[in-house]
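Participant: Before we start, here is the structure in question, set down as structure tokens.
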Amino acid sequence: MNENLPKLRKKAMSLPLTPGVYIMKNAAGEIIYIGKAKALKNRVSQYFGSQNTHTRKVLKMVENVRDFDYILCASEFEALVLECSLIKQHTPKYNILLKDDKGYSYIKVTDGEWKNFTAVKQKDDDNARYIGPYMSSFGITNAISNAKKIFKLPQCSKRFPREYGKSRPCLNYSIGQCSAPCAGKISREAHNEAVEQALGFIVHGSGEVVEELTKKMLDASENLEFEKAAKLRDTINAIKKVTDRQNVVATVADEQDVFAVVGGADGVNPKACLAVLRFKDHRLCDSEHFIIDLPEDLPGARRELLESYYSMRDFVPAKVALDGEVTDAELLGQWLTSLKGKKVTVTVPQRGEGHALVEMCRSNAAQKLAIYMGKTGRSTAALDELTHLLGLKTPPQYIESYDISHTAGADNVAGMVVFKDGLPLKNNYRKFSIKGFSGQDDYASMAEVIDRRLNEYEKCKDSGEGFGILPDLILLDGGKGQVNAVKPVLEAHGVDIPLFGMVKDSHHRTRAIASGGEEIALTSKRSAFTLVSSIQEEVHRYSVGYHRTKHKKSSVSLSLTAIEGVGENRAKALLKHFKTIKAISEADIEDLLRVKGMNKTTAENIYAAFHGE
């Protein structure tokens, strides 16, 4: 606890109720956080009042504050502009900052006997030719890749003329994406001409190149060079094919940026990924992503992220699309408009093309985060969708699911399955036999199981394994009845675990998730639907499998207890010793006497029962 809180609060209460910027400083006088406020007194005093409502990040920041300064502004917009300027100048520790590692890119052209070109980050002091600079490394890398495919240039690491004609052609030659100089299929002159055409395609665009190639094709045809004309025709078709494919990822808006934030639980230091798709001239022209600490306040974080991003980028589009609510949306739009000098619209698309682009951006963010965390993109995307769907603060890294299984109330059991990072963790699966009552009561059975599971947590919590881990989410096979039966159990144990039921349709397929009083449809969220369906199918399979095993043993035990002298305990001892009824039936009296607790009279009765004596 910060001992200076009373002093800081007193100072905060003396601030005016006017717009301004506040500057938090640590013991060394270093600026650790900068924020803006519509009313300075109200905003700053919140930091030094009750500490129970703060997020972890804010609590940590407040612990390090020893003093603060402030600057009065004429309006909240003026405060926002000043805040952005000061953050860019001082880069405070507790503000959300994006690291700008986006340098210029160049196309490096080597002018040896066999020309080649690649994308590079900087110019070297050599004899190569450089084209550029280009701001978008994403765009130039894609352009080079497409140009080499269209003009059938090698994309491997082989060097020519050293390796000319010395190996068999690879798959790229077979699918028409390489002219195979390695197998001697093209001359040096033809290769170098193709390189210059490819560079013209990148620098001048497809229109000019197609026009030039069309003229050459017609000339070749008039000169009866039909083979050459056919090759030029194929090149023109390849260019048009690539151009058409690029038009698929296009927007109605001439210029637009799309943002999405996807979070992932990763131990004590959860991370998130901010993905940005940039569209210009109706086409995707750039893609960026940033790995950040997982924000607890997403609307506030989105505002800070956009401020940070556009503080380090020169171009602001006319339209900005976000994947969720943003704090001070109107003010943010006003700030972006001032940067661009024209009207900028900030939206959260709910349907149509805009929504589809946001979903594509979210998918990209999930994939990048999965690679960073060493996980699968599919499970990361599914957990992110589930997080938003259920209104969870962070993605559920550790999910437990429960199902009850019985036959008309007999052999009542439950199964518990665990999914970690969206994948089954079979070592942590557990089985329960219902002990609190006999008969059929799914609600009471589910309550008993969760109660016993949480009791085990109290015994094992120091181990941090198995029952010693509390789940981030509990999913029950059933609807709101099961959820309402279990909620009092969680409250009695003093644990705050998100709890939902998995509801099936008339065909026993997952259709929704139930809370205590309503259902949340899953059909519109494909990744989340697939994950929840997998969990429900797995917990059902596991619990039914356990029930069948127990029911079979129970039926066998009942057949043994019909023999005089064989009670329930002796029947269990026989099954434990011989494993099957068949083995018991084939045993002689001496074998039966080897069973623990067996006497000669009972052994003779068992032998007689199976041998008709």
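The values are calculated or read from the model by the stated rules, or taken from the named source; none is laboratory data. Worth saying up front: this structure is predicted, and the values here are computed from it rather than measured. Heads up, the Cβs are rebuilt from the backbone with ideal geometry, glycines too, and the neighbour counts pull from every protein chain shown.
Participant: Restricting to region 468-522, name every residue that is crowded, with 20+ Cβ neighbours inside 10 Å, of a type in the set (Asp, Glu) and either outside the structural domain of residue 538 (by TED's automatic domain parsing) or over 24 Å from the mean Cα position of the chain (by Cα) (or both).
Facilitator: 477
To keep it simple, each residue is scored yes or no on (1) loosely packed, with under 12 Cβ neighbours inside 10 Å; (2) at pLDDT below 85; (3) not assigned by TED's automatic domain parsing to the domain that holds residue 412.
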residue	(1), (2), (3)
557	no, yes, yes
567	no, yes, yes
573	no, no, yes
578	no, no, yes
588	yes, no, yes
594	yes, no, yes
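Participant: Taking region 521-537 as the region of interest, how many residues are within 30 Å of residue 457 (Cα to Cα) and of a type outside the set (Asp, Glu)?
Facilitator: Going through region 521-537, the residues within 30 Å of residue 457 (Cα to Cα) turn out to be 528-537.
Retained after the next criterion (residues that are of a type outside the set (Asp, Glu)): 528-536.
Qualifying residue count for the region: 9.
Participant: Given the conditions (1) under 29 Å from residue 182 (Cα atoms); (2) assigned to a loop (DSSP other than H, G, I, E, B); (3) touching a Gly at 6+ places or on another chain (Cβ under 8 Å); (4) not hydrophobic (A, V, I, L, M, F, W, C), which single one is not true for residue 106?
Facilitator: (2)
Participant: Here is a follow-up. Determine if region 367-374 includes at least one residue that is surrounded by 17 or more Cβ atoms within 10 Å (Cβ to Cβ), in contact with a Gly (Cβ under 6 Å, 6 or more places away or on another chain), under 25 Å from residue 528 (Cβ atoms) and free of Cβ contacts under 8 Å to residues at least 24 places away in the same chain. Step through it out loud before you land on a result.
Facilitator: Start the filter on region 367-374 by keeping residues that are surrounded by 17 or more Cβ atoms within 10 Å (Cβ to Cβ), which leaves 367-370, 373.
If we keep only those that are in contact with a Gly (Cβ under 6 Å, 6 or more places away or on another chain) as well, we get 367, 369-370, 373.
Checking the rest, the ones that are also under 25 Å from residue 528 (Cβ atoms) come to 367, 369-370, 373.
Subsequent filtering for residues that are free of Cβ contacts under 8 Å to residues at least 24 places away in the same chain retains 367.
The answer is yes, given that some residue of region 367-374 is surrounded by 17 or more Cβ atoms within 10 Å (Cβ to Cβ), in contact with a Gly (Cβ under 6 Å, 6 or more places away or on another chain), under 25 Å from residue 528 (Cβ atoms) and free of Cβ contacts under 8 Å to residues at least 24 places away in the same chain.
Participant: Scan 29, 112 and give me the residue that is out of contact with any strand residue (DSSP E or B) (no Cβ under 9 Å at 6 or more places or on another chain) and free of Cβ contacts under 8 Å to residues at least 40 places away in the same chain.
Facilitator: Numbers: 29 fails: out of contact with any strand residue (DSSP E or B) (no Cβ under 9 Å at 6 or more places or on another chain).
112 is the lone residue from the list that is out of contact with any strand residue (DSSP E or B) (no Cβ under 9 Å at 6 or more places or on another chain) and free of Cβ contacts under 8 Å to residues at least 40 places away in the same chain.
Participant: Also: State which residue is nearest to residue 549 (Cα to Cα) when the search covers only region 579-610 and only residues that are without any contact (Cβ under 8 Å) to a residue 12 or more places away in the chain and not charged (D, E, K, R).
Facilitator: Once the filter is applied, the top-ranked residue is 580.
Participant: Moving on. Being modelled with pLDDT of 90 or more and assigned to a loop (DSSP other than H, G, I, E, B) is the filter here; which residues of region 470-490 pass it?
Facilitator: 470, 471, 472
Participant: Please go through region 122-154 and pick out each residue that is out of contact with any strand residue (DSSP E or B) (no Cβ under 6 Å at 6 or more places or on another chain), assigned to a loop (DSSP other than H, G, I, E, B) and surrounded by 13 or more Cβ atoms within 10 Å (Cβ to Cβ).
Facilitator: Answer for region 122-154, where residues must be out of contact with any strand residue (DSSP E or B) (no Cβ under 6 Å at 6 or more places or on another chain), assigned to a loop (DSSP other than H, G, I, E, B) and surrounded by 13 or more Cβ atoms within 10 Å (Cβ to Cβ): 135, 151, 152, 153, 154.
Participant: Do we find a residue being surrounded by 17 or more Cβ atoms within 10 Å (Cβ to Cβ), in a helix (DSSP H, G or I), among the charged types (D, E, K, R) and assigned by TED's automatic domain parsing to the domain that holds residue 288 anywhere in region 305-321?
Facilitator: Yes, because at least one residue in region 305-321 is surrounded by 17 or more Cβ atoms within 10 Å (Cβ to Cβ), in a helix (DSSP H, G or I), among the charged types (D, E, K, R) and assigned by TED's automatic domain parsing to the domain that holds residue 288.
Participant: Taking only region 439-467 into account, find how many residues are among the acidic types (Asp, Glu), surrounded by fewer than 18 Cβ atoms within 10 Å (Cβ to Cβ) and part of a helix (DSSP H, G or I).
Facilitator: Residues in region 439-467 being among the acidic types (Asp, Glu), surrounded by fewer than 18 Cβ atoms within 10 Å (Cβ to Cβ) and part of a helix (DSSP H, G or I): 3 in total.
Participant: Of everything in region 396-425, what is among the aliphatic types (A, V, I, L, M) and more than 15 Å from the chain's Cα centre (by Cα)? Give them in sequence order.
Facilitator: Residues satisfying the conditions are 399, 404, 408, 410, 413, 414, 416, 417, 418, 425.
Participant: Another question about this same structure. Could you go through region 179-200 and let me know if any residue there is crowded, with 18+ Cβ neighbours inside 10 Å, under 36 Å from the mean Cα position of the chain (by Cα) and in contact (Cβ under 8 Å) with a residue 24 or more places away in the chain.
Facilitator: No - not one qualifying residue is present in region 179-200.
Participant: Do we find a residue being touching a residue at least 12 places away in the same chain (Cβ under 8 Å), under 32 Å from the mean Cα position of the chain (by Cα) and surrounded by 15 or more Cβ atoms within 10 Å (Cβ to Cβ) anywhere in region 63-76?
Facilitator: No, that holds for no residue.
Participant: Can you pull out the residues in region 498-526 that are touching an Asp or Glu at 6+ places or on another chain (Cβ under 9 Å) and either at pLDDT 80 or above or of a type outside the set (D, E, K, R) (or both)?
Facilitator: Listed by number, the residues that qualify are 498, 501, 502, 503, 504, 510, 511, 512, 513.
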